[in-house]
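Novice: Have a look at this one.
The values are calculated or read from the model by the stated rules, or taken from the named source; none is laboratory data. As the structure is a prediction and not an experimental result, all values here were calculated from the model. With ideal geometry, Cβ positions are generated from the backbone for all residues, glycine too; neighbour counts draw on all protein chains shown. In case anyone asks, the SASA skips ligands and DNA or RNA and just uses the protein heavy atoms, side chains included. Shrake-Rupley method; radii C 1.70, N 1.55, O 1.52, S 1.80 Å.
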Amino acid sequence: MKLILYSENDYGCGASIAAYRLAAAAAKTHEVMYVFEKQKNDYSLYKNTGIRPWHLGRSYSLPKKVVYRLARTITRYTRTEVYRNLIFSVFLSRVRQFKPDVVHLHNCYFTQKQIAKLASEFPVVWTMHDQFALYGYNYKIKALDGEEITYCPIEPWRRHLYKPEDIAGDKPADVMFTPPSQWLTDLADAVLKGRKKAVKVNNGIPLGAIVPVEKAEACEYVGIDPDRFTLLFLAGTGAWKRKNVDAVIEAVKMVPELDMQVVVIGSVAKTDKRDPRLVIKGSVSGTDAISRYYSCADVFCIPSIVDNLPNTVLESLACGTPVLGAATGGIPEMVIEGCTGWLFDPYDTKQLSEKIKYLYEHRDEIKSIEKNCRPFVEEFFGEDTMAANYERIYQEIKGGR
């Protein structure tokens, strides 16, 4: 089977990581072209994977470079879709040349009308890593401090171009939506109302690369004390309030008596560095380093106000580290209370602090849960399982032609 997988980024954000992992798994048995508009890694990423990468919107030809730059400039100053129309035209032309059996979209900012045009010629699978495809924004939240925030809303001058009904309605666009979580599948169904199909397909992770590491070795790598209770969490300025980082910091402050270490990885610009128990580590990349960081912790904490099916939870569980997770979005589909971790209300920092204290005082319970984590991921969230699930989707939508 010939597949085109499209992602806004090649690798880096959660959605693009999931897209790349699927491309790598699918390339074991299919011919795969991986299309992206923003490149954050060099082409060594694709070495020995079988993937054919294509950077859409980039060219080594001087005339084409001029055309792309001119289109961007016109778009910026005229508030028209000149550049997006050009990019879609180039993309569609390449799709026609490649003649895929299925085009699989991940984070995608073509208009629904453009995707409907694509779907009139080729079967399209659209994985919703957030709500944008059918809602016109990524997420809407009420932050911990009460602020209401809409992430990545369509700008007012562009709203008339992005109409979910152009693809979600009764028009004959051959599209199937595949949200990774039941939470987002239900939101998709609320818009689709049976007119198009939404099927949950879990994200998967490379189980051969993300593996448990003996704790003493992991702690030595990270540079922390292996005998102290360790809580791990991720910080990032891009979605600081949605990821609810302040909740963890405030919860830790509420239990100053605990002799613990809190390892913080990611962007730390807004992290309160005054608590000496915080161990600031910055960004971490590469599956070997990722495995060691998750393995150094007793518990990984994810406090998001809302999240779809975050890879971080799966990565932690794959390393045998239970998860203390917010009871929101798709997180409860991975964090099973008393089996793979514990849940809490993301708006209740006191409850979170009490959970942290409880786990600090009941490390035997953590040990009893550790043995469940890796097998749970192996059964439901492996990279090859994800590829097999999508294989069934591809065959179904292709068979409809």
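Novice: For the stretch 229-329, list the strands (runs of 3 or more DSSP E) that sit wholly inside it and hold at least 1 residues that are without any contact (Cβ under 8 Å) to a residue 60 or more places away in the chain; which are they? Before you say what the answer is, go through the steps one by one.
Specialist: Numbers: elements: 229-235, 260-266, 278-282, 299-302, 323-326.
The strands (runs of 3 or more DSSP E) meeting that bar are 229-235, 260-266, 278-282, 323-326.
Novice: Got at least one residue in the stretch 265-278 being surrounded by 18 or more Cβ atoms within 10 Å (Cβ to Cβ), hydrophobic (A, V, I, L, M, F, W, C) and under 27 Å from F380 (Cβ atoms)?
Specialist: The answer is yes, given that some residue of the stretch 265-278 is surrounded by 18 or more Cβ atoms within 10 Å (Cβ to Cβ), hydrophobic (A, V, I, L, M, F, W, C) and under 27 Å from F380 (Cβ atoms).
Novice: Would you mind telling me which numbered condition in (1) over 20 Å from I141 (Cβ atoms); (2) buried (at least 21 other Cβ atoms within 10 Å of the Cβ); (3) in contact with a helix residue (DSSP H, G or I) (Cβ under 8 Å, 6 or more places away or on another chain) V313 fails?
Specialist: Every condition holds for V313 apart from (1).
Novice: Now, a different point. Does T340 meet the test of being over 18 Å from the mean Cα position of the chain (by Cα), open to solvent by less than 10 Å² (accessible area, probe 1.4 Å) and closer than 17 Å to V264 by Cα?
Specialist: The answer is no for T340.
Novice: Exactly one of (1) open to solvent by 10 Å² or more (accessible area, probe 1.4 Å); (2) without any contact (Cβ under 8 Å) to a residue 60 or more places away in the chain; (3) within 16 Å of V262 (Cα to Cα) is unmet by D348. Its number?
Specialist: Status for D348: all satisfied but (3).
Novice: Return the pair list, or none, for Cβ contacts closer than 9 Å from residues in the stretch 182-200 that are under 18 Å from P332 (Cβ atoms) to residues that are among the β-branched types (V, I, T) and not in a strand (DSSP E or B), at least 6 apart or on different chains.
Specialist: W183/V306; W183/T328; W183/I331; T185/T178; T185/V199; K200/T178; K200/T185
Let's see how each residue does on (1) of a type outside the set (D, E, K, R); (2) out of contact with any Asp or Glu (no Cβ under 7 Å at 6 or more places or on another chain); (3) modelled with pLDDT of 95 or more; (4) in a helix (DSSP H, G or I):
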| site | (1), (2), (3), (4) |
| --- | --- |
| L187 | yes, yes, yes, yes |
| G194 | yes, yes, no, no |
| V201 | yes, yes, yes, no |
| E217 | no, yes, yes, yes |
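Novice: Could you list, ordered by first residue, the pairs with Cβ atoms under 7 Å in which the first is in the stretch 115-140 and touching a residue at least 40 places away in the same chain (Cβ under 8 Å) and the second is open to solvent by 20 Å² or more (accessible area, probe 1.4 Å) and among the β-branched types (V, I, T), at least 6 apart or interchain?
Specialist: Matching pairs, first to second residue: L134/V191.
Novice: For P179, only one of the following conditions fails: (1) part of a loop (DSSP other than H, G, I, E, B); (2) open to solvent by 10 Å² or more (accessible area, probe 1.4 Å); (3) touching a residue at least 24 places away in the same chain (Cβ under 8 Å). What is its number?
Specialist: With (1) part of a loop (DSSP other than H, G, I, E, B); (2) open to solvent by 10 Å² or more (accessible area, probe 1.4 Å); (3) touching a residue at least 24 places away in the same chain (Cβ under 8 Å) applied to P179, the lone miss is (2).
Novice: Additional query: Can you tell me which condition L343 does not meet? The list is (1) assigned to a helix (DSSP H, G or I); (2) in contact with a helix residue (DSSP H, G or I) (Cβ under 9 Å, 6 or more places away or on another chain); (3) of a type in the set (A, V, I, L, M), and all the others hold.
Specialist: Every condition holds for L343 apart from (1).
Novice: So which residues in the stretch 22-45 are open to solvent by 10 Å² or more (accessible area, probe 1.4 Å), in contact with a Pro (Cβ under 8 Å, 6 or more places away or on another chain) and closer than 14 Å to L5 by Cα, if there are any at all?
Specialist: A24
Novice: Could you give every pair whose Cβ atoms fall below 6 Å, whose first residue belongs to the stretch 90-114 and is farther than 23 Å from H30 by Cβ, and whose second residue is open to solvent by 40 Å² or more (accessible area, probe 1.4 Å) and among the basic types (K, R), counting only separations of at least 6 or pairs across chains?
Specialist: If the second residue must be open to solvent by 40 Å² or more (accessible area, probe 1.4 Å) and among the basic types (K, R), the pairs left are Q112/K163.
Novice: Search the stretch 119-172 for residues being over 21 Å from C13 (Cβ atoms) and of a type in the set (K, R), and hand back the single one that is least open to solvent (accessible area, probe 1.4 Å).
Specialist: My answer is R158.
Novice: List the pairs whose first member sits in the stretch 2-13 and is among the acidic types (D, E), whose second member is part of a loop (DSSP other than H, G, I, E, B) and open to solvent by less than 10 Å² (accessible area, probe 1.4 Å), and whose Cβ atoms are under 7 Å apart, counting only residues at least 6 apart or on separate chains?
Specialist: The qualifying pairs are E8/C108.
Novice: Checking the condition part of a helix (DSSP H, G or I) and either within 30 Å of Y347 (Cα to Cα) or over 20 Å from the mean Cα position of the chain (by Cα) (or both), which residue from N107, N85 passes?
Specialist: Sole residue among the options that is part of a helix (DSSP H, G or I) and either within 30 Å of Y347 (Cα to Cα) or over 20 Å from the mean Cα position of the chain (by Cα) (or both): N85.
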